[in-house]
Amino acid sequence: MLAARHVVCALSGGVDSAVAALLLRRRGEAAVRPAARDAWDSEPAGVSGGRRPLRAGTAPIRPHAACWPRRRAGFPRRACVLCRPGKCLGPREGRGWPPPGRAFARPGSDALARSAASPSGAGAWNAEVRAWLPDGGTLGDWKAPGWKAQHPRGPRAVVAFSNLHEGYQVTGVFMKNWDSLDEHGVCTADRDCEDAYKVCQILDIPFHQVSYVKEYWNDVFSDFLNEYERGRTPNPDIVCNKHIKFSCFYHYAVDNLGADAVATGHYARTSLEDEEVFQQKHIKRPEGLFRNRFEVRNPVKLLQAADSFKDQTFFLSQVSQDALRRTIFPLGGLTKDFVKKIAAENRLHHVLQKKESMGICFVGKRNFEHFILQYLQPRPGRFISIEDNTVLGTHKGWFLYTLGQRAKISGLREPWYVVEKDAAKGDVLVAPGTDHPALYRDLLRTSRVHWIAEEPPAALVRDKMMECHFRFRHQMALVPCVLTLNQDGTVWVTAVKAVRALALGQFAVFYKGGECLGSGKILRLGPSAYTLQKGKSRARASPEGPSEDPGPRPAP
């Protein structure tokens, strides 16, 4: 019997990280597995005349209620949302699961034994399919398309595999990244810490608090200010995951707390199964621009979550390979609605009632312009129409606006939107209407791309070009594009169709076949559709100059 796996879970005080810790905790409670080889096939004694009684001290096996057949991108096998692909610990449920109040009665748990022994327990044992049928359910329901028993005799190898260790020992850690004392109590870090501590009390797991205020200021917030001062639009969430959560926190969990793996509440998945995560070791990355393409390696892929709307691989696109190979994402196979249901059924109402945080965490509900002007000096300038160079108004700083943002110009009834910024003069160019051609571009260049699994992908190295998809905002639709690799590791991105409101400083995140390949910061933009239209109009309108020897001309 191996020692329990120590998993350190990052708690933010929200419902997602709380449910992630809950699921890990439940996996730890499910460590007591049936010892008999044929325990899976054994009906409970006294129910349907069990053929082979279970050994003493073991509980009857029934499906855990959060398990259903589903396809997961990158895995051709059937998988369930609590177990990893191909490692379902119970038969697939019939129609009517989960029973009320028994959402997580896992094999070997006390609740499971009670429900099996009680006549009022949900469902009845059926000897033919060797599974529990829900109350009122029939064998026809179980055999209906989509609900057939996937393992008539059960995956005994999984049962034996589960006996190898004692489950998960979970520790919750809250990271304080912003000093609320400097903001006169506006930041909710203290309240989030209290909510995280209450989660640990409910789950009966250890709680730790660690402060990364200094690291966050130096690596995230200072970069945020520098980018805005240069007129760019940074994404501090991506930078925070890179430098704080998957660097500072990761090393704290592994080096100080002795963690075998870390876990977060992100909606994402990797190509590793949980047990494979615990087997990972530190692998030193090569120092060159590109890896040796002949070296033997087994890179971990970052895969999109089952809930495509909540997928958060966008924010993980700069995470290092070392941190990713030792990270578990318990929510990767769940939907947001199901996560909320889990929280409601497990006394996590205090985090369930909290509103989901949107936008930049350290800004909160404050006015962004007032916040940023506390750190950057105002630089007054003008709003100028891109169509006729008319001065429409004034502003306090061109760095306060990003492309595609609505410009607040007093005295104008129609909405005007920012389409370009003149850093030399401090002017902001605006255009009327939300779909003005000046808002659309199809070409950009990134910084050196951080590739997650391969650096860079083999197809891109071989052909110097590669088709894939990209997005530069979370939850926006993926845009088909063609990547062109440069010698310095940067890429040109050519979108198949012009996209709206590309902005410098944002991250272009690349996807292919459900896998997040990596990302690069946008440093250059191609001409807008409006600029190209003006160029074509001028070319058509310009008269042809006289020629000394015109010669024969083609017929019109």
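The values are calculated or read from the model by the stated rules, or taken from the named source; none is laboratory data. The model shown is predicted, which means the values in this text are computed figures rather than measured ones. Here the Cβ positions follow ideal geometry from the backbone for every residue, glycine too, while neighbour counts run over all protein chains shown. All accessible areas refer to the heavy atoms of the entire protein, side chains included, with ligands and DNA or RNA removed. Shrake-Rupley method; radii C 1.70, N 1.55, O 1.52, S 1.80 Å.
Using heavy-atom solvent-accessible surface (probe 1.4 Å) with all chains present, what is the largest-first order of Phe278, Phe383?
Putting Phe278, Phe383 in descending order of accessible area: Phe278, Phe383.
Arg471: net charge of surrounding residues, Cβ under 13 Å, Lys/Arg +1, Asp/Glu -1, itself excluded?
+2
Below 10 angstrom from the Cβ of Leu532, what's the summed charge of the other residues (Lys, Arg +1; Asp, Glu -1)?
For residues surrounding Leu532, the net value is +2.
So what J values fall out for the stretch 518-526 if you push phi through Karplus, 6.51 cos²θ - 1.76 cosθ + 1.60 with θ = phi - 60°, rounded to Hz, Gly and Pro as x?
Running phi through 6.51 cos²θ - 1.76 cosθ + 1.60 with θ = phi - 60° gives x, 7, x, 7, 6, 10, 9, 10, x Hz.
How charged is the neighbourhood of Asp219? Take every other residue with its Cβ under 14 Å from the Cβ of Asp219, and add Lys/Arg as +1 and Asp/Glu as -1.
Its environment carries a net charge of -1.
What accessible area per residue comes out for the stretch 189-284, rounded to a whole number of Å², with a 1.4 Å probe?
45
Given the pairs Lys176/Lys355; Lys421/Lys534; Lys310/Lys512; Lys355/Lys408; Lys301/Lys512, which span a C-alpha to C-alpha distance of over 21 angstrom in this model?
Lys355/Lys408
Can you give me the distance in nm between label points at Gln377 and Arg473, each placed 7 Å from the Cα along the Cα-to-Cβ direction?
Each label point lies 7 Å from its Cα, and together they span 3.3 nm.
Can you list residues from other chains, or at least 5 along the same chain, whose modelled amide H is less than 5 Å from the amide H of Lys176?
Amide H neighbours of Lys176, under 5 Å, 5+ apart: Val210, Ser211, Tyr212.
Run the accessible area of the stretch 385-524 with a 1.4 Å probe and give the carbon-and-sulfur part as a rounded percent.
51
List, in order, the whole-Hz ³J(HN,Hα) value for each residue of the stretch 4-16 obtained from phi through the Karplus relation with A = 6.51, B = -1.76, C = 1.60 and θ = phi - 60°; use x for Gly and Pro.
The phi angles translate into 5, 6, 9, 10, 9, 9, 6, 10, 10, x, x, 6, 5 Hz.
With the other protein chains left in place, how much accessible area per residue, in square angstrom, belongs to the stretch 477-530 at a 1.4 angstrom probe?
Accessible surface, normalised per residue, equals 36 Å².
Quick one: which residues, 5+ away or cross-chain, put their amide H under 5 Å from the amide H of Arg379? H built at 1.01 Å from N.
Amide H neighbours of Arg379, under 5 Å, 5+ apart: Gly397, Trp398.
Amide H to amide H, which residues 5 or more places from Ala407 or on other chains are under 5 Å from it, using H placed in the peptide plane?
Trp416, Tyr417, Val418
Could you give each residue of the stretch 491-496 its phi-based ³J(HN,Hα) in whole Hz, using Karplus coefficients 6.51, -1.76, 1.60 with θ = phi - 60°, and x for Gly or Pro?
For the stretch 491-496, the Karplus curve yields 9, 8, 10, 10, 6, 4 Hz.
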